[in-house]
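Step one of this worksheet: look at the structure below.
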Amino acid sequence: MLHAATVSLDDLDLSTMTSGWGKAQKNLSITQKPLVIAGHKFDRGVGTHADSDFFVQLDGKAKLFTANVGVDDAAGNDQAAVEFFIYGDNRELWHSGVCKWKQPPHQCRIDLKGIESLELVATAAGGSVSYDHADWAGAMIEFDGKTPVAKAPEPVKEEAVILTPPPPTAPGINGPKIYGVHPGSPFLYRIPCTGERPITFSTENLPADLILDRESGIISGKLSVAGTNDVILRARNSHGESQRNFRIVVGNTLALTPPMGWNSWYIHYNRVSQAVMRQAADQMIGSGMADYGYQYVNIDDCWMKKRGDAPYRDADGAVLPNWNFPDMKGLADYIHGKGLKAGLYTSPGPWTCGGYTGAWQHEATDARKFAEWGFDFLKYDWCSYGSVAGGHTLADLQKPYQLMWGELQKVDRDVVFNLCQYGMGDVWKWGGTVGNCWRTTGDLGLERGSRLPGFYNIAFSNARHDEYAHPGAWNDPDYILIGWVGDAHGMGEGKKTTLTPNEQYSYMSMWSLMAAPLIFSGDMAKLDPFTLNILCNSEVIAVDQDTLGRQAKILRQTGTEFVLVKELEDGSKAVGLFNLAAHPAKLTVSWNDLGISGKQMVRDLWRQKDLGKFRKEYAAEVPRHGVAFIKIMAK
Ligand code: GLA
């Protein structure tokens, strides 16, 4: 009888093995040390880093896969945790359970009969990828037929299915049900409303100092008395009528629901100009995005003078825009004319990240100038501030934000303040005292994906800070990068996103569940129907904008599933069941886990369709990297 042949995993071409950090190593750990798991040394094998994925082509005649898996001793940190998965033809064959640093290797011995595609996955076991040095030690494949070879993952073919039905021709008022404004600041609100135009708007209980334009639905004026105003908004056309409660809270807090809008960074970079900003405002109306609540039109970096292009400021010390922005006030007026709001960016350092004039030592002047021009939103970075900060204590980290926040409180406009310092000093713990939202991570556009696209890592990290989010104060996981976006590494021209349709559904669902600012940063001039379907589902957005202002909690997180639950004002719960695996999987949420019991109505939010009543749990077959996004209501 002939003996089967064997091939060591390390003899395969490892260039197609993805790795969350570094590059997969032959016979060494990811940091190029000998392969050692809890003191057991292995001469052969592959060292990689979570998240890692590797595909091997078999021919149905392979027999056995054997390996010792675990965290390499060189990880050197007890936060390290990896979970290994093995799939055959998209079916799970084995998983290791969570492997921690210094735990003895897990042995696997798997029958490969009939399998044609073998997939080896090392995940971060639902935690951060830091220190997750993952070893496939002594891994071998025994085979009878063709020699196994490494293969690139199959290109994923997914049809871009629009799940959401088009809005009815009758009016449908969207947008937040609560809205904060400072006493004495200009008030501007365009009622977001779908339906066939012309629509006639009307209101009930609108404070006398506010005026409604009945045709455009734009409310403007000024409220000087602090307090709560419960208004009813109405919209009518030849097909019907819609109404919505709208509470205007005149007080200290802005952004009572997460800001929604568009930002220029990931599509225009240093090519941004007044012309594209105006065009973006036009498109926000023209595409219908504004009818779902998108309202901020925000310039990112690169509107000021570049370092080397002095003068940077005028004789009064006011910051000078560059030649791409000849008329900042005119631009803000133009945006306001559409009932939308204008935003801009600067940095507390002498220079911005792009090397343009920052606000250092001109904070008061700049705050006043921004307000005078008419800007309603300020993103405040950190770049180059490190060189003048004097230290890295918590007080040093907070100082520039306290300073600018203080200046913004003195101007007679409402300026939503967005901190962009990437999470330093656990900003989620104090961001709400000096701002309205704060970036919790590095730039999403620079985040390297491995097994999953980069936005997942950002979401996993942002999701852990749920307890700090509340009305007026939001965790910001960065922008929604879908449609046409430019590669942030080279400030590239726009290209169609490589995210699959299901990944895009997951992205928008996660952001809504996390009560994140919904700021799109792709090309407003190239909004295709699928991208708009992702951005503009009124029920999905309503989860984000819910008046209670809670961020979803993580109910479950493993290497293959991620489940978020958000409490909503009406007592219902929004649940996202995210499938992290590269193949369809059945995901379940039980009433027990949710702390509820009895009959519950389950609604599919993407399809805007009731799924029926369920007594104990809800289970869904979820596509590769996709989501079941549901709302659960007691019945
Ligand atoms: C930083 C920010 C980005 C963008 C750039 C502009 O990297 O995190 O969002 O504003 O600066 O230079």
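The values are calculated or read from the model by the stated rules, or taken from the named source; none is laboratory data. No experiment lies behind these values; they were computed from the predicted model shown. Note that each Cβ is placed from the backbone with ideal geometry, even for glycine, and that neighbours are counted across all protein chains shown. Remember, those area values only see protein heavy atoms, side chains included, never the ligands or the DNA or RNA. Shrake-Rupley method; radii C 1.70, N 1.55, O 1.52, S 1.80 Å.
Observations on the structure shown:
- Electrostatic bookkeeping for residue 101 treats Lys and Arg as +1 and Asp and Glu as -1; over the other residues with beta carbon under 12 Å from its beta carbon, the sum is -3.
- For the cross-link pairs 26/102; 586/616; 341/399, the ones whose C-alpha atoms lie over 23 Å apart are 341/399.
- Computed Kirkwood radius, in angstrom, where 1/r is averaged over Cα pairs of the chain: 26.3
- Our estimate of slack between residue 26 and residue 616, defined as 0.36 nm per intervening residue step minus the Cα-Cα distance, is 207.6 nm.
- In the chain, a dipole from Cβ-located charges (positive for Lys and Arg, negative for Asp and Glu) runs towards its positive end, and of 304, 540, 395 it is 540 whose Cα lies farthest in that direction.
- Charge sum, other residues only, whose C-beta stays under 14 Å from residue 37's C-beta, Lys/Arg counted +1 and Asp/Glu -1: 0
- Accessible area expressed per residue, the chain, with surrounding protein chains retained (probe 1.4 Å, Å²): 40
- Volume in Å³ per residue [convex hull over Cα atoms, computed for segment 567-632]: 83
- Whole-angstrom gap from segment 33-70 to segment 225-290, using each part's C-alpha centre: 52
- Cross-link table 566/609; 33/495; 338/379, entries beyond 28 Å C-alpha to C-alpha: 33/495
- Rough spin-label spacing in nm, given labels placed 7 Å along Cα→Cβ, for residue 270 and residue 388: 2.1
- Distant-in-sequence amide H partners of residue 426 (H built 1.01 Å from N, under 5 Å): none
- Dipole check for segment 263-410: with +1 at the C-beta of Lys and Arg, -1 at the C-beta of Asp and Glu, and the Cα centre as origin, the magnitude is about 120 Debye.
- The residue list 347, 357, 377 was ranked by how far each Cα lies along the charge dipole of segment 314-409 toward its positive end, using unit charges on Cβ atoms, and 377 comes out on top.
- Placed amide H near residue 520: partners under 5 Å, 5+ positions off or other chain: 261, 262, 263, 480
- Under 5 Å, built H, 5+ apart or other chain: amide partners of residue 144: 62, 63
- For segment 69-76, 3J(HN,Hα) per residue [Karplus equation, 6.51 cos²θ - 1.76 cosθ + 1.60, θ = phi - 60°, Hz, x = Gly/Pro]: 10, x, 7, 5, 4, 5, 4, x
- Taking Cβ separations below 4.7 Å as the criterion for a possible disulfide partner, the isolated cysteines in the chain are 99, 108, 193, 302, 420, 437, 536.
- Our note on the geometry: Cα centres of segment 416-441 and segment 554-626, 30 Å apart.
- In order along segment 287-304, the Karplus-derived 3J(HN,Hα) couplings, from 6.51 cos²θ - 1.76 cosθ + 1.60 at θ = phi - 60°, round to 6, x, 4, 5, 6, 10, x, 5, 9, 7, 10, 10, 7, 8, 4, 5, 9, 8 Hz, and Gly and Pro are given as x.
- The Cα center of segment 467-505 and the Cα center of segment 180-221 differ in position by 30 Å.
- Packing-based order for 302-311, 464-473, 502-511, 224-233, using average beta carbon neighbours within 10 Å, highest first: 502-511, 464-473, 302-311, 224-233
- Size of charge dipole - the chain - debye, nearest 20, with Cβ of Lys, Arg +1 and Asp, Glu -1, no other charges: 740
- Relative contact order for the chain, counting Cα pairs under 8 Å that sit 6 or more residues apart, in percent: 11
- Estimated [θ] at 222 nm from DSSP helical runs (n ≥ 4, -39500 (n - 2.57)) normalised by residues in the chain, nearest 500: -4500 deg cm²/dmol
- The phi-based Karplus calculation (6.51 cos²θ - 1.76 cosθ + 1.60; θ = phi - 60°) puts the 3J(HN,Hα) values of segment 396-401 at 5, 5, 7, 3, x, 6 Hz, whole numbers, x for Gly and Pro.
- Placing +1 on each Lys and Arg Cβ and -1 on each Asp and Glu Cβ, with no other charges, gives segment 41-137 a dipole about its Cα centre of roughly 360 debye.
- Accessible surface of the chain, 1.4 Å probe, proportion on carbon and sulfur as whole %: 50
- Simple rule: put +1 on each Lys or Arg Cβ and -1 on each Asp or Glu Cβ in the chain, find the dipole, and look at 519, 210, 507; the Cα lying farthest toward the positive end is 210.
- Seen from residue 10, the other residues with C-beta closer than 9 Å to its C-beta sum to a net charge of +1, counting Lys and Arg as +1 and Asp and Glu as -1.
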